[in-house]
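A.B. asks: My questions will all concern the structure given below.
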């Protein structure tokens with residue numbers, strides 16, 4: 001007999017076996033909608049397969065719902081979803097009569113969302129606040145081809161779950177948009193730290209991991225395939241991760257608390273982050289943001305204001321970087337970028353970094369130009385390779401430069417030690433670490449940056465508004481800490497090795513980066529595998545994996561165009577030609593590579609399903625039971641429509 005799961009006291013309102021009845025609450029309908037969205041949660045616009053299709057449809061439905069709430073025409077207006085900070089910076093550019101803004105704060109909902117409806121004509125003259133993932137169509141070291149609205153103004157992964165909660169609250173509150181319609185005052189049964197310690201109590205290590213996996217929301221969700229309904233397999237964890245019932249319970253609990261208790265929870269999560277990352281609060285600021293992209297942009301603005309006026313800043317980055325850890329640094333006035341090359345496995349050469357630091361900062365061969373920052377990813381989102389942070393940090397500090405680490409792809413997979421590695425700035429997103437509720441974090445070493453109290457207070461105020469998302473991050477990090485990052489690393493290394501063994505035996509499959517399952521270098525790689533199939537477009541491979549086995553992956557350039565062009569050996573001439581073609585054919589998308597990426601919930605069975613489907617696909621096996629491509633497209637469309645209807649089912653008042 002299965003042992004009952006021990007969560008916090010709030011029960012899942014959609015679970016028919018819930019043991020404790022929920023008292024009547026204005027949150028009840030919102031929770032049903034959000035839970036349905038979490039069952040098929042994926043990254044918006046940037047994946048393939050059923051979950052990404054549904055999540056994208058939900059996101060666009062939310063835009064339409066905001067316009068309907070405001071009685072505005074879809075032909076004339078666009079809706080941008082923003083964090084409080086990004087919204088303030090955008091609206092500062094506009095006259096008050098040029099936009100309509102709705103705030104989750106006005107409803108008493110602690111999700112930190114702003115919806116801004118702007119006329120399409122006005123939008124053309126608006127300057128984006130942040131740059132990064134999704135804001136550009138094509139990137140090279142010396143130029144950028146930007147996206148159009150709304151993507152240009154929504155850099156980074158949107159907080160789609162928070163947005164759905166906010167839009168459902170709007171619908172349920174009616175046209176009056178009553179202030180604090182969803183505020184409640186329930187007493188906190190224990191202090192905030194005990195709230196997190198009370199999740200699945202008494203368990204740790206692999207036992208906790210096994211119990212937690214049983215609670216994954218959307219586990220074994222059946223999706224239509226050419227062979228009937230099959231459980232969905234998420235192999236797109238680098239884009240975004242699903243969540244677990246205990247984390248969701250903490251979010252729901254936080255929604256119901258008065259502001260003072262929510263503030264207590266936020267402060268408790270600051271402590272959890274500090275302990276998880278070894279970034280003592282006496283030495284580091286912990287700021288909460290919308291996502292990694294917003295964190296990097298904030299860091300870039302802070303570094304720009306902290307650079308002496310007599311220095312021409314140089315920032316060293318690498319060819320491994322996600323655009324969110326590239327484009328924001330380019331916005332610093334007068335900055336020059338230098339990029340460290342990578343070898344075929346995806347590793348940088350520290351000696352190249354040392355040579356640059358000596359030239360600029362020691363020998364001063366370039367006038368008043370100085371390397372003020374070295375900015376690197378903790379792990380590549382394309383190749384999975386992990387940078388040697390301690391060695392890079394040692395070199396940067398030896399030559400009076402600071403170190404920024406984009407830990408978005410590292411946080412859920414490896415132990416991070418900020419103090420020991422002397423990291424000056426570190427950023428990550430909660431949606432990469434099983435808490436997809438619109439939170440991110442920027443850690444700043446106090447001695448590394450002169451930040452005034454007013455700026456610090458503003459950043460904290462904007463970020464802390466999303467108390468529910470922050471509480472989810474606290475719950476997630478607490479659980480990972482109790483499981484132990486070594487257990488997670490060993491499990492994912494086993495999955496990666498098994499996948500490399502299987503895929504490398506398929507004759508038409510080309511692997512990129514580290515390919516050998518028995519190499520020592522594999523220990524310096526997280527569970528990310530890029531590949532393609534000879535003679536087949538990556539989009540086709542991704543579609544077939546979804547249609548034939550319900551496997552969600554990602555294909556394309558993965559917001560890391562420089563990396564993808566490097567591994568595909570696209571030189572400067574072809575790169576320039578691509579730029580011309582893209583301007584002539586704006587809707588064109590470059591195919592890039594297919595990427596599978598593992599997370600906590602994946603198993604050897606998932607890897608076997610991937611390999612078996614790839615074997616069947618590359619051998620061009622066709623079964624008489626297969627649906628046609630047209631029938632499959634219709635089935636997936638119907639599935640998405642049904643899921644969207646489920647989320648937005650309740651009629652507004």
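A.B. asks: Give me the orientation-averaged projected area of the Cα convex hull of region 198-352, in nm², one decimal.
C.D. replies: So the Cα hull casts an average projection of 15.8 nm².
A.B. asks: Hey, what does the equivalent ellipsoid look like for region 282-464, semi-axes from the Cα gyration tensor as sqrt of 5 times each eigenvalue, largest first, whole Å?
C.D. replies: 24, 21, 14
A.B. asks: What value in Å³ per residue do you get for the convex hull of the alpha-carbon atoms in region 485-626?
C.D. replies: Normalising the Cα hull of region 485-626 by residue number yields 134 Å³.
A.B. asks: Something else about it: So what is the relative contact order for the chain, in percent, with contacts set as C-alpha pairs under 8 Å and at least six apart?
C.D. replies: 20
A.B. asks: Further, regarding this structure: Can you pull the percent of Cα pairs in the chain with separation above 43 Å?
C.D. replies: For the chain, the fraction of Cα-Cα distances above 43 Å is 18 percent.
A.B. asks: What number, rounded to the nearest 500 deg cm²/dmol, is the helix-based mean residue ellipticity at 222 nm of the chain, given -39500 (n - 2.57) per DSSP H run of at least four residues and division by all its residues?
C.D. replies: My calculation for the chain gives -12000 deg cm²/dmol from helical runs alone.
A.B. asks: Determine Rg/Rh for region 263-362; Rg is computed over alpha-carbon atoms and Rh is the Kirkwood hydrodynamic estimate from the same atoms.
C.D. replies: Across region 263-362, the Cα-based Rg/Rh ratio is 1.04.
A.B. asks: How big is the gap, in Å, between the Cα center of region 429-471 and the Cα center of region 547-591?
C.D. replies: 32
A.B. asks: Mind checking the log10 I(q)/I(0) for region 253-296 at q = 0.16, 0.19, 0.31, 0.33 Å⁻¹? Debye, one equal scatterer per Cα, no solvent, two decimals.
C.D. replies: The Cα Debye sum returns log10 ratios of -0.53, -0.70, -1.03, -1.06.
A.B. asks: Of all beta bridges DSSP finds with both residues in the chain, what is the antiparallel percent, to the nearest 5?
C.D. replies: 65
A.B. asks: Using the count of nearby Cβ atoms within 10 Å as a rough guide to exposure, how do 575, 492 rank from fewest to most?
C.D. replies: Lowest to highest Cβ neighbour count: 575, 492.
A.B. asks: Continuing with this model, one more query. Enter the Cα centre distance for the pair region 237-259 and region 411-427, rounded to the nearest angstrom.
C.D. replies: 24
A.B. asks: Using the number of other C-beta atoms within 10 angstrom as an exposure proxy, rank 91, 331 with the fewest first.
C.D. replies: Fewest-to-most ranking of 91, 331: 331, 91.
A.B. asks: With contacts defined as alpha carbon pairs under 8 Å and 6 or more residues apart, what's the relative contact order of region 26-169 in percent?
C.D. replies: Dividing the mean separation by the residue count of region 26-169 yields 26 percent.
A.B. asks: What Kirkwood hydrodynamic radius do you get for region 45-125 when you take the inverse of the mean 1/r over all pairs of distinct Cα atoms, in Å?
C.D. replies: Answer for region 45-125: a Kirkwood hydrodynamic radius of 13.7 Å.
A.B. asks: Take the alpha-carbon centre of region 260-290, take the same for region 27-89, and report the distance between them in whole Å.
C.D. replies: 28
A.B. asks: When a footprinting reagent is the concern and you count Cβ atoms within 10 Å, what order do 119, 36 take, fewest first?
C.D. replies: Ranked by crowding around the Cβ, least crowded first: 119, 36.
A.B. asks: How big is the Kirkwood radius of region 480-539, worked out from every pair of different alpha carbons and given in Å to one decimal?
C.D. replies: 12.7
A.B. asks: Starting from 0.36 nm per residue, how many nanometres of slack lie between residue 140 and residue 452 once their C-alpha separation is accounted for?
C.D. replies: That works out to 108.8 nm of additional length.
A.B. asks: Want the number for residue 415 to residue 283: 0.36 nm per residue separation, take away the alpha-carbon distance, what's left?
C.D. replies: 45.6 nm
Values quoted throughout were computed directly from the atomic coordinates according to the rules given, and no laboratory measurement underlies them. It should be emphasised that the depicted structure is a prediction, and the values quoted were computed from it without experimental measurement. Neighbour counts run over all protein chains shown; Cβ positions are idealised from the backbone, glycine included.
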